[in-house]
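Take a look at the structure below.
The values are calculated or read from the model by the stated rules, or taken from the named source; none is laboratory data. Since this is a predicted model, take the numbers as computed values, not measurements. No Cβ is skipped: glycine too gets one built from the backbone with ideal geometry, and neighbour counts run over all protein chains shown.
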Amino acid sequence: MRRMRNVETGKIINIVEHIMLRYSCWEYYLTDRKHGNDDIEALVYGYDVELATVSLLEIEAPAGFRTKNLRKLMPVPGWKWVKERRVISKKNSEQITTNKKTVDLPTISYESLSDKC
């Protein structure tokens, strides 16, 4: 998942998947907001850019490209990818904090590494 922010309004949406249609080259940036069984909110980049509810049944069949790896995709015009912040603090163990969760990492000493090499 990656977050995208509207440049004008500041609205942030969570993008979980990208689909590009085979013949029209329309792009669908699927969000994590589902509406019913087959409907999902998506940022649609076609003739215009709009946030709309789309049917997965209608866009899955003509999909030419589909990925959940969003790292190398360009954002939609008028939107920007939100940069995830990493804060590292040192105590007895290292702690890495992202926007959503904190992960504790064990402290590794050089002595313990040299014993295993």
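Condition first: touching a Phe, Trp or Tyr at 6+ places or on another chain (Cβ under 8 Å), assigned to a strand (DSSP E or B) and polar (S, T, N, Q). Can you find one or more residues in the stretch 44-54 that meet it? Show your work before the answer.
Quick first cut of the stretch 44-54, residues touching a Phe, Trp or Tyr at 6+ places or on another chain (Cβ under 8 Å) only: 44-46, 49, 54.
Cutting the leftovers down to assigned to a strand (DSSP E or B) gives us 44-45, 49, 54.
Add one more test, that the residue is polar (S, T, N, Q), and what stays is none.
No, the stretch 44-54 contains no residue that is touching a Phe, Trp or Tyr at 6+ places or on another chain (Cβ under 8 Å), assigned to a strand (DSSP E or B) and polar (S, T, N, Q).
Filter the stretch 1-36 for residues that are out of contact with any helix residue (DSSP H, G or I) (no Cβ under 9 Å at 6 or more places or on another chain) and not in a strand (DSSP E or B) and give the result.
Correct list: MET1, VAL7, GLU8, THR9, GLY10, LYS11, ARG22, TYR23, SER24, CYS25, GLY36.
Evaluate the stretch 74-86: report whether one residue or more is farther than 29 Å from GLU8 by Cβ, at pLDDT 55 or above and either of a type in the set (Lys, Arg) or assigned by TED's automatic domain parsing to the domain that holds ILE19 (or both). Quick ask: steps written out before the conclusion?
Of the stretch 74-86, the ones farther than 29 Å from GLU8 by Cβ are none.
No, the stretch 74-86 has no match at all.
Output the number of the condition that TYR23 fails; it satisfies all remaining conditions of (1) of a type in the set (Ser, Thr, Tyr); (2) farther than 23 Å from VAL7 by Cβ; (3) at pLDDT 80 or above; (4) surrounded by 10 or more Cβ atoms within 10 Å (Cβ to Cβ).
(4)
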